[in-house]
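Scroll down for the structure; my scribbles are underneath it.
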Amino acid sequence: MSAPRPFRHRHLLDISGLDPRDIVQVLDTAEVFFEVSRRPVRKVPTLRGKTVINLFYEASTRTRTSFELAGKRLSADVVNISTATSSVKKGETLLDTVRTLEAMRPDVVVVRHPASGAPHFIADRLSCSIVNAGDGLHAHPTQALLDAFIVRRRLGTLSGLTVTICGDVKHSRVARSNAELFQAFGSKVRFVGPRTLLPPNAESLGVEVFDRLAPALEGANVVMVLRIQQERLEGAHLPSLREYSRTFGINERTLAAAPPEAIVMHPGPMNRGVEIDAKVADGPRSVVLDQVEAGVAVRMAILYQLAGEAGTAPAA
Ligand code: CP
């Protein structure tokens, strides 16, 4: 890849801030880093001398680990801060915490926070780049980008597809970011789940809404299964998990309503036996572990676009 155009953004806060050209630029760059990550030596000097801080106020396995690996494979100095062992435990505010970190001159702060809008709040007040690693119910842009990376690799396009997003859409920042991304490329997005787990304004997002699984899976190219977020379920959204699984769970029987070539995605972590059956999760149509692998390459691409020298090639 030669003479890439400079990325037009200082931060990555949500998908709606990107246009399709920006998204393609990230995905094309991620293709280079995907190959780097499959080499025997999975490291390039691209971000030598740069500093990335991962600041996670919520639990994470995939996002946090892949941002750490992404920074390290680019030769950046990477620091991980867990709120459980930081001065957040002593009552330090978000603003004081990020100002403290800024004083140590990072180039990028990656933040996950339970409050929607927290990364925007930080971006308005700090001079370094901010990456949203998931904020409340609002957005998870790097997840949508890695999902798009896998869909483009598997299906050859992001346009003209039907993407069915199943389950707890109401509490899902992944669903919102993916809906924005796929619609930006002219794909159709469907939400399906019990009414109590669908956002009240779902139709206004431009998606088709279904309350039965089979018609929502008909003609789908992508079946994106969401985790039932038991930690965010307040009150009786569901009669029971067993009832949910019987009606909306993706298993070999329910998946028969989708075309045989449809791929099955899940952002993880999965509740096996609730929203997805183990035979599907581990079966030939599942791309769940491909999504995890793509997460490192896509996050390398994002760190490179935000902190790399404009006009340089992404890998040596
Ligand atoms: N998909 C995702 O965000 O997973 P983690 O919570 O493990 O980061």
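The values are calculated or read from the model by the stated rules, or taken from the named source; none is laboratory data. Predicted model only: the values in this text are computed from it and were never measured. Every residue, glycine as well, gets a Cβ built from its backbone with ideal geometry; the counts of neighbours run over all protein chains shown. Just so you know, the surface numbers come from the protein's heavy atoms only, side chains and all, with ligands and any DNA or RNA stripped out. Shrake-Rupley method; radii C 1.70, N 1.55, O 1.52, S 1.80 Å.
At 7 Å along the Cα-to-beta-carbon direction for both Thr61 and Arg253, put a label point, then send me their distance in nm to one decimal.
2.8 nm
How compact is the range 1-120 by the rule of thumb for globular proteins, expressed as Cα Rg over 2.2 N^0.38 Å?
1.16
With a Cα-only, solvent-free Debye model of the range 130-250, what are the log10 I(q)/I(0) values at q = 0.10, 0.17 Å⁻¹?
-0.29, -0.83
Wrap a convex hull around the Cα atoms of the chain, take a quarter of its surface area, and give that in square nanometres.
It is 16.0 nm².
Which of the listed residues, Ser66, Ala84, Leu94, is farthest toward the dipole's positive end in the range 58-97, when Lys, Arg count +1 and Asp, Glu count -1 at the beta-carbon?
Ser66
Quick check on the chain: of the DSSP beta bridges with both residues there, what percent are antiparallel, nearest 5%?
Of all bridge pairs located within the chain, approximately 5 percent are antiparallel.
Under a 1.4 angstrom probe, counting protein chains only, how are Asp282, Asp19 ranked by accessible area, largest first?
The most accessible residue leads, giving Asp282, Asp19.
How do the peptides 98-109, 296-307 rank, highest first, by the average count of neighbouring beta carbon atoms within 10 Å per residue?
For the peptides 98-109, 296-307, the packing ranking is 296-307, 98-109.
Exactly which GluC sites (Glu not before Pro) in the range 172-244 are in a DSSP loop and have at most 11 other Cβ atoms within 10 Å?
Taking the range 172-244 and a limit of 11 other Cβ atoms within 10 Å, the loop GluC sites (Glu not before Pro) found are Glu234.
Using the scaling law 2.2 N^0.38 Å as the reference, what is the normalised Cα Rg of the range 173-221?
1.09
Let me spell out the model: positive unit charges on the Cβ of Lys and Arg, negative unit charges on the Cβ of Asp and Glu, origin at the Cα centre of the range 141-288. What dipole size does that give, in debye rounded to 20?
Computed about the Cα centre, the dipole is about 160 debye.
About its Cα centre, how strong a charge dipole does the chain have in debye, to the nearest 20, once Lys and Arg get +1 and Asp and Glu get -1 at the Cβ?
600 debye
Accessible area per residue for the chain in Å², computed with a 1.4 Å probe and the full protein assembly in place, what is it?
Heavy-atom accessible area per residue stands at 42 Å².
With a 10 Å radius around each residue's Cβ, average the other Cβ atoms per peptide and rank 26-36, 160-170, highest first.
160-170, 26-36
Helix 173-184 against the longest principal axis of the chain: what's the angle in degrees, Cα atoms only, rounded to the nearest 10?
90 degrees
Remind me, relative contact order of the range 141-288 in percent, using alpha carbon pairs under 8 angstrom and six or more residues apart?
Contact order relative to length: 23 percent.
Taking 8 Å as the Cα distance limit and 6 or more residues as the minimum spacing, I'd like the relative contact order of the chain as a percentage.
Taking the mean separation of contacting Cα pairs over the length of the chain, I get 24 percent.
Using only Cα atoms and rounding to the nearest 10 degrees, what angle (0 to 90) does helix 288-307 make with the longest principal axis of the chain?
Relative to the chain, helix 288-307 is tipped by roughly 30 degrees.
On the protein heavy atoms, probe 1.4 angstrom, tell me the percent of accessible surface of the chain carried by carbon and sulfur.
C and S fraction of accessible area: 51 percent.
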